[in-house]
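These notes concern the structure reproduced below.
The values are calculated or read from the model by the stated rules, or taken from the named source; none is laboratory data. These figures come from a predicted structure and were not determined experimentally. With ideal geometry, Cβ positions are generated from the backbone for all residues, glycine too; neighbour counts draw on all protein chains shown. Surface areas here come from the heavy atoms of the whole protein model, side chains and all, with no ligands, DNA or RNA. Shrake-Rupley method; radii C 1.70, N 1.55, O 1.52, S 1.80 Å.
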Amino acid sequence: RSCRYGRLRLGVVRAGILLVFAVLYTILFYGINLLIGLGLDGGWGDLGRPLQSLVSFKTCSLQVTIGGWILQFLCIKAVSGFLMGLLLWCVLGWISNIQFSLTVLGGILLGEYILFAALPVQSILNPLKYFNLFSYVHTFDLYTQYLNIDLAGYPVGIRGLALWALPVLILVLLCLTLWIQKNR
């Protein structure tokens, strides 16, 4: 702490490392399966077709190719992994008692999952279902379900809401995590 920048510089470096490893693990977990699947099913030829040509995406309103969607999916998964890592780092760094911090983290994740899984689509609390950490874990729903949510009288698509909120959540958690890193 007695250094010129305190521990802020260390926190920035650690956040960069977290982002790099989130990208690497996303490529490892999803990229290898993608390459194996493409190798078994005949290669790269069909990646230029529209996304709606797949049965699972017939209600998707995006005008993108299958290859474009795969690239977007991998990017969202990597950034979502970074978000989850920041959440873990923030809670574990803020509370010094490890048992209590794991309990708080478990409570947060349990509450988020209950909101994600239990709220019906027609609920008035519907934004809590899709503006949720688990909507970034299960990103497939953002593309296969065409759904608008009423926010202050205006219809907002769930995919647009979730993708708009992702950088905001990352920025808030990153600032909070760096502040905790600097002052603890």
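Ignoring ligands, DNA and RNA, please state the percent of accessible area on segment 84-184 from carbon and sulfur, probe 1.4 Å.
Using a 1.4 Å probe with all protein chains present, segment 84-184 comes out at 73 percent carbon and sulfur.
Given springs between every Cα pair under 10 Å in a Gaussian network model of the chain, which of Leu115, Leu34, Leu161 has the largest fluctuation?
Maximum among the listed residues: Leu34.
Between the DSSP loop rule and a limit of at most 12 other Cβ atoms within 10 Å, which chymotrypsin sites (Phe, Trp or Tyr not before Pro) in segment 1-66 are left?
Within segment 1-66, the qualifying chymotrypsin sites (Phe, Trp or Tyr not before Pro) (loop, at most 12 other Cβ atoms within 10 Å) are Tyr5, Trp44.
Sequence gap at least 6, Cα distance under 8 Å: using those rules, report the relative contact order of the chain to the nearest whole percent.
28
Once you order the gyration tensor axes a ≥ b ≥ c over the Cα atoms, which shape class does segment 15-98 get: rounded for a/c under 1.5, otherwise prolate or oblate by comparing a/b with b/c?
It is prolate, given that a/c is not under 1.5 and a/b is the larger ratio.
For a quick check of understanding: with a 1.4 angstrom probe and all protein chains in place, what accessible area in square angstrom does Asp141 have, to the nearest ten?
It works out to around 50 Å².
With contacts defined as alpha carbon pairs under 8 Å and 6 or more residues apart, what's the relative contact order of segment 107-176 in percent?
After rounding, I find 22 percent.
Leaving out ligands, DNA and RNA, and with a 1.4 Å probe, what % of the accessible surface on segment 13-60 is carbon or sulfur?
71
Ile158: net charge of surrounding residues, Cβ under 11 Å, Lys/Arg +1, Asp/Glu -1, itself excluded?
It works out to a net charge of +1.
Rounded, prolate or oblate: which fits the chain, taking a ≥ b ≥ c as square roots of the Cα gyration tensor eigenvalues, rounded meaning a/c under 1.5, else prolate when a/b beats b/c?
Oblate.
Using only helices, what value at 222 nm comes out for the chain when you add -39,500 (n - 2.57) per DSSP H run of length 4 or more and divide by the total residues, to the nearest 500 deg cm²/dmol?
So the helix-based figure for the chain works out to -21500 deg cm²/dmol.
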